[in-house]
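Please find one structure pasted underneath; my questions will follow.
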Amino acid sequence: MNVSLTPQMKQLIDEKLDTGMYHSAAEVVREGLRLLADRDRVRSMRLEELKAEVRVGLDELERGEGIPGSQAIDEVRNRVKKNHRKDS
């Protein structure tokens with residue numbers, strides 16, 4: 001398989017090789033592909049978690065456990081303000 005690399009990508013590979021952590025360009029590329037696969041796996045898992053959370057919320061709404069939209073917005077705003085104060 002032949003792959004075309006931009007000059008910036010080639011430079012990054014050369015920089016990684018210069019660190020001595022990798023012995024070949026192929027090693028650097030394999031590590032990059034492993035990291036990409038890991039990222040995709042994490043995103044997929046997070047998407048499934050979000051879908052499950054949405055299902056829980058929809059089930060709660062069907063049981064009449066919802067709150068008015070204005071109240072929900074106020075609660076979200078308060079959480080954001082609280083988290084912002086903790087981060088400052």
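The values are calculated or read from the model by the stated rules, or taken from the named source; none is laboratory data. Just so you know, these numbers come straight off a predicted model, no measurement behind them. Note that we place each Cβ from the backbone using ideal geometry, even for glycine, and neighbour counts take in every protein chain shown. Accessible surface areas use protein heavy atoms only, side chains included; no ligands, DNA or RNA. Shrake-Rupley method; radii C 1.70, N 1.55, O 1.52, S 1.80 Å.
Leaving out ligands, DNA and RNA, what percent of the accessible area of the chain is carbon and sulfur, probe 1.4 Å?
Values: 4590 of 8060 Å².
Here carbon and sulfur together make up 57 percent of the probe-accessible area.
Quick check: residue separation of Arg39 and Met9 times 0.36 nm, minus the Cα distance between them. What number comes out in nm?
Answer, rounded to one decimal: 8.9 nm.
Roughly how many nanometres apart are two label points built 7 Å out from the Cα toward the Cβ at Glu31 and Glu48?
2.9
Looking at the chain, which GluC sites (Glu not before Pro) are DSSP coil and have at most 13 other C-beta atoms within 10 Å of their C-beta? Could the numbers behind the result be given before it?
On the way: sites: Glu15, Glu27, Glu31, Glu48, Glu49, Glu53, Glu60, Glu62, Glu65, Glu75; in loops: Glu65.
When the GluC sites (Glu not before Pro) of the chain are filtered for loop state and at most 13 Cβ neighbours within 10 Å, Glu65 remain.
How about Lys16: which aspartates and glutamates have a C-alpha closer than 12 Å to its C-alpha, ignoring those fewer than 8 places off in the same chain?
Glu27, Glu31
While we're here: Just one of (i) 6.2; (ii) 5.8; (iii) 10.9 is mean projected area of the Cα convex hull in nm² as worked out from the coordinates here. Which one is it?
(iii)
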